[in-house]
Amino acid sequence: MNGLQRLQAHLQEQQLNGMIIMSPINLHYFAGFTGTTAFAFVTENTAHIITDFRYTEQATQQCEGYTVIQYETNVWDSLIDILNEYHIHGGVIGIEGKDMPVDTYELLCDALDEHFDFTSINLQELRAVKRPDELVLMRKAANIADEAFRVLLTKLTPGMSENEARIILESEMLMRGSTEPSFATIVASGHRSSMPHGVASDKIIEAGDFVTFDFGAVYGGYHSDMTRTVVMGPASDLQNKLYDIVLRAQLKGVEAVRPGLSGVDLDKICRDSIAADGYGDCFNHGLGHGVGLDIHELPVASPKSDSVLEENMIITVEPGVYISGEIGLRIEDSVVVTADGCEILTHTPKELVEISI
């Protein structure tokens, strides 16, 4: 079932008269459109994409199952024409509540006056279970990141800045087919390694530093996400201790992934492991999240999650320990939920790497 079919089945289940899609990620998933300006209106039986002259040819090529309309004045006139053509004069229309700006919503209400009601639909829920073609692209994105990191480790030296390391890593990903980094690459060394989202800075990487790399590639629009922590030179007793604690928790989490497991329980497995080793107060973020066309998607693994894992969902498993202002580390894999466990997308080894200096 492709994205359009999945959406139309959902509209029928929810008894909606239609769905308006504006966000680029959802236009990509449900229509195949990768341009920057478009508006889709989908019903149980029809699908239209409205765009301007810059993207009509692209939309015609990409949006299988959609009628492409080039608007001349504004998209609302084109939407009203569609509604009139199909005799849709009232009912409930779904909108992307989290993605539609207030001023756009007001224009929509003005255009359709009192005849329609609107309800917010979280389309991310329909994207959580990945299709086989999506998994192919995500495996490729993960492989690109793995290969780039392998090259980085041969070039990483004390005296290099975090940004210099970031540039090497991102360049290697681009040379292997990534279109862009999945997100702002995290390179956090020394005392900055205690910052879970310490994006690369001009800090110099020094001998003895833990260095945490959290990064990903984008291939075919799909993101990868992985984290590895290395040490510059021989590891200290504390570094070995903390690394073993996090690695043990991370391995338990990956081993536990299976259909039917809740995000709360997955998080608890890793959190309890770290707490049993005396560092429960040093792990203060959720364990993981889904990945796909966006870097943070459903499902979620955290103490407050309402997700339940299903086959072909993707979830990250990324426990960490952070001692504020001193030291920290994280280890992360992205995994695909399988019928009896999981497939690990991230193939970089997880044993602590001591960089020769």
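Quick look at the values:
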read-out: Exposure proxy ranking, count of Cβ atoms within 10 Å, fewest first, for Leu135, Leu238, Leu261; value: Leu238, Leu135, Leu261
read-out: Bins of 10 Å from zero: percent of alpha-carbon pairs in segment 310-354; value: 24, 41, 25, 10, 0
read-out: Reachable aspartates and glutamates, given that their alpha-carbon falls under 18 Å from the alpha-carbon of Lys155 and they are not under 8 places away in the same chain; value: Asp146, Glu147, Glu164, Glu170, Glu172, Asp202, Glu206, Asp209, Asp214, Glu354
read-out: Kyte-Doolittle at least -1.0, axis length at least 30 Å by Cα - qualifying DSSP helices, the chain; value: 132-155
read-out: More than 20 Å apart - percent of Cα-Cα pairs taken over segment 106-205; value: 58
read-out: 3J(HN,Hα) from dihedral phi, segment 281-286, Karplus parametrisation 6.51/-1.76/1.60, rounded to Hz, x for glycine, proline; value: 6, 9, 10, 10, 10, x
read-out: Summed residue charge, Cβ within 12 Å of Ile25's Cβ, Lys/Arg positive, Asp/Glu negative; value: -2
read-out: Three-way shape call for segment 194-332 based on the alpha-carbon gyration tensor, with the a/c threshold at 1.5; value: oblate
read-out: Residue-averaged [θ]222 nm for the chain, counting only DSSP H segments that reach four residues, each worth -39500 (n - 2.57); value: -11000 deg cm²/dmol
read-out: Highest to lowest packing among 286-295, 43-52, scored as the average C-beta count within 10 Å; value: 286-295, 43-52
read-out: q = 0.14, 0.15, 0.22 Å⁻¹, segment 251-357: log10 I(q)/I(0) [Debye, one scatterer per Cα]; value: -0.54, -0.62, -1.19
read-out: Overall Cα dimensions of segment 3-127, principal axis frame, Å, largest first; value: 34, 33, 27
read-out: Ranking of Lys130, Lys98, Lys252 by count of other Cβ atoms within 10 Å, fewest first; value: Lys98, Lys252, Lys130
read-out: Cα gyration tensor of segment 161-211 - equivalent ellipsoid semi-axes, whole Å, descending; value: 22, 12, 7
read-out: Segment 155-275: equivalent-ellipsoid semi-axes (sqrt of 5 x gyration tensor eigenvalues, Cα, Å); value: 26, 22, 11
read-out: Distant alpha-carbon pairs in the chain (separation over 24 angstrom), percent; value: 61
read-out: Entries in Lys130/Lys252; Lys241/Lys268; Lys130/Lys241; Lys140/Lys350 that, when Cα-Cα distance is taken, lie over 26 Å; value: Lys130/Lys241
read-out: Residue among Ile69, Ile88, Ile21 with the largest mean-square fluctuation in a Gaussian network model of the chain, springs linking Cα atoms under 10 Å; value: Ile88
read-out: Of Ser193, Gly233, Ala38, farthest towards positive along the dipole that unit charges on Lys, Arg, Asp, Glu beta carbons give the chain; value: Gly233
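Read-outs throughout are calculated quantities, based only on the coordinates presented, and are distinct from any laboratory measurement. Everything numeric here is computed off the predicted structure, so don't read it as measured data. Using ideal geometry, Cβ is built from the backbone for each residue, glycine included, and neighbour counts are taken over all protein chains shown.
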